[in-house]
Amino acid sequence: MSDMEAMMTNLTITHPLSPSDAQAMDLLRTMLAGAPRLSFEPASRPAFDAIIGQAPAPEGVLFEQATVGGVPGWWARPQGATDGSVLLYLHGGGYVIGSAGAYRHFVGHIAKAAKAAAFIADYALTPERPFPAAPEDARALHEGLRALGYSRIAVAGDSAGGGLALALAAGAPRGTFAGLVALSPWIDLNLTGESMATRADADPILSRQALAAAVPLYLGTHGANDPRLPSLPMDLSTLPPVRIHVGDAEVLLDDARRFAQQAASARLDAEVHVWDGMTHVFPSSFAMLEAGAAALDAMGTFLAERLAPKAPRARRVLVLGATGGTGRAIVRRLRETGDVPVALVRSPDKARDLDAEIVQGDARDPAALDRALEGVDAVVSALGTPASPFREVTALSTATKVLVTAMRRKGVRRLVAITGMGAGDSRGHGGALFDRVLMPLLLRKVYADKDRQEAIIAGSGLDWMIVRPAVLNDKPKHGAVRALLDLSGFQGGTIARADVADFVVDQVGSDAYLGQKPLIAW
């Protein structure tokens with residue numbers, strides 16, 4: 001067995017058919033033998049809703065009609081639901097039939113097991129509102145749930161709704177959804193799965209012909225390869241953990257199997273549960289099928305785990321320049337806020353009294369940075385620079401270039417960098433020559449390197465902030481003569497390092513100044 005086959009086997013979990021379910025499925029097939037296959041047309045809506053609506057109402061769940069993000073639907077609110085958590089449910093029906101009202105009892109059971117409120121959406125159906133109205137409604141629903149204060153959102157759906165849920169999550173930034181559940185998802189609108197033929201006789205509900213008729217009705221003038229549609233393969237890079245439940249006796253089986261193969265290659269946290277003898281969206285028959293009840297319990301357990309509030313983990317923050325005065329203040333402040341400071345230092349002797357995890361090395365050494373960045377959530381750069389009035393200063397820009405490359409390599413995105421020059425209390429120590437000639441020359445070269453440092457950070461693609469303590473009333477104007485005049489007129493003054501540390505540590509967990517250069521006045 002190849003590595004890929006082994007990984008796919010680990011992702012695909014097969015459930016045997018129980019004797020009780022075998023009898024129930026035989027009865028179901030007898031009942032359906034003389035009935036026409038499901039067709040996706042508006043005239044089928046009442047009959048489909050009547051079938052789905054047979055699920056018994058769950059106890060302890062309140063139902064109410066509402067609108068979220070401009071999209072109508074039904075709330076299912078279990079008693080004791082977790083605050084801040086919600087499940088968005090997108091029903092099946094080939095984008096033509098199905099309704100939130102018919103699905104509310106079935107989804108109410110899922111919500112109860114998940115210990116979270118659920119909103120079952122009446123998203124756009126065709127032919128009244130063809131593609132791209134459905135995915136637009138799905139995005140509006142997510143935004144509407146966020147606006148209502150839900151911070152942990154999972155998405156689920158069956159059949160076409162399962163494909164819509166996957167497309168929604170695949171098109172959203174990483175971390176948008178806590179988890180995803182799909183029941184018999186219809187992912188491939190090109191209908192290329194082998195099970196379209198191999199399971200044609202076994203599937204008493206769906207057929208390739210019915211699905212093929214629904215595709216142009218839904219897409220209209222759009223092609224089936226539109227990037228807003230679910231597809232195989234698809235971009236899995238932003239998907240949350242995924243759980244799929246599918247029957248072995250349905251034409252959509254290979255949509256789930258092919259997803260499992262791609263998920264194994266991408267090492268996505270995913271499981272595809274294949275239930276022997278089961279047909280399309282069998283969990284909706286949880287009242288008569290042992291497999292349906294077991295699948296419902298499994299998805300409820302998964303969603304409850306994904307939607308449960310997580311205990312806040314202490315942030316690990318790498319501090320560069322931690323042995324300097326400002327760096328030490330930042331380390332102390334991180335400890336006060338319950339974070340874990342990590343310090344990369346060249347000399348352990350200078351860091352003996354530093355309350356931080358110590359990593360020995362130079363900030364310009366990629367290998368040392370890789371060690372220091374391991375398991376880190378953010379970086380604060382308080383690097384200083386050896387300055388000379390006679391030669392070019394390059395230490396800051398050189399170290400910053402290596403740092404942003406290492407951060408991208410290790411997947412650490414947040415960088416808070418302190419620039420500016422805390423030289424106010426140097427005034428008056430070197431006499432008039434130092435104050436009026438040497439110090440302006442020195443600072444002009446330092447600020448030229450800080451310009452280069454800031455340009456590197458701004459173009460890094462990281463989540464960055466550049467904090468400028470305004471000890472020198474921000475940077476002097478550009479140009480050698482102008483800079484000398486500005487700096488020679490500087491009257492001194494300092495900003496408390498504790499104030500800088502308070503502000504900087506606040507920015508480690510805030511987006512208020514993301515991509516900006518806030519100024520701290522003194």
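The values are calculated or read from the model by the stated rules, or taken from the named source; none is laboratory data. What you are looking at is a predicted structure, and each value in this text was computed from that prediction instead of being measured. Here Cβ is always computed from backbone atoms with ideal geometry, including for glycine, and neighbour counts include all displayed protein chains. These accessible areas exclude ligands, DNA and RNA; they are computed on the full protein's heavy atoms, side chains included. Shrake-Rupley method; radii C 1.70, N 1.55, O 1.52, S 1.80 Å.
Some observations on this one:
- Residue tally, condition among the polar types (S, T, N, Q), touching a strand residue (DSSP E or B) at 6+ places or on another chain (Cβ under 7 Å) and at pLDDT below 90, over the range 372-419: 1
- Out of D499, D506, sole residue that is in contact with a Phe, Trp or Tyr (Cβ under 9 Å, 6 or more places away or on another chain), open to solvent by 40 Å² or more (accessible area, probe 1.4 Å), under 21 Å from T326 (Cβ atoms) and at pLDDT 80 or above: D499
- Sole residue being closer than 15 Å to L88 by Cβ, out of contact with any His (no Cβ under 7 Å at 6 or more places or on another chain) and open to solvent by 50 Å² or more (accessible area, probe 1.4 Å), chosen from R139, R228: R139
- Where A256 falls short, out of the listed (1) open to solvent by less than 10 Å² (accessible area, probe 1.4 Å); (2) small (G, A, S); (3) free of Cβ contacts under 8 Å to residues at least 60 places away in the same chain: (3)
- Summed over the range 312-350, residues that are under 32 Å from the mean Cα position of the chain (by Cα) and among the basic types (K, R) total 6.
- Identification of strands (runs of 3 or more DSSP E) wholly contained in the range 302-389 with 1 or more residues that are open to solvent by 70 Å² or more (accessible area, probe 1.4 Å) and over 14 Å from V508 (Cα atoms) yields 357-360.
- Candidates A298, A329, A291 - the one that is among the hydrophobic types (A, V, I, L, M, F, W, C) and in contact with a Phe, Trp or Tyr (Cβ under 9 Å, 6 or more places away or on another chain): A291
- Taken over the range 90-136, the criterion of being polar (S, T, N, Q) and either open to solvent by less than 10 Å² (accessible area, probe 1.4 Å) or modelled with pLDDT under 95 (or both) is satisfied by T126 alone.
- Residue check for A35: surrounded by 12 or more Cβ atoms within 10 Å (Cβ to Cβ) and either within 27 Å of A308 (Cβ to Cβ) or among the hydrophobic types (A, V, I, L, M, F, W, C) (or both): no
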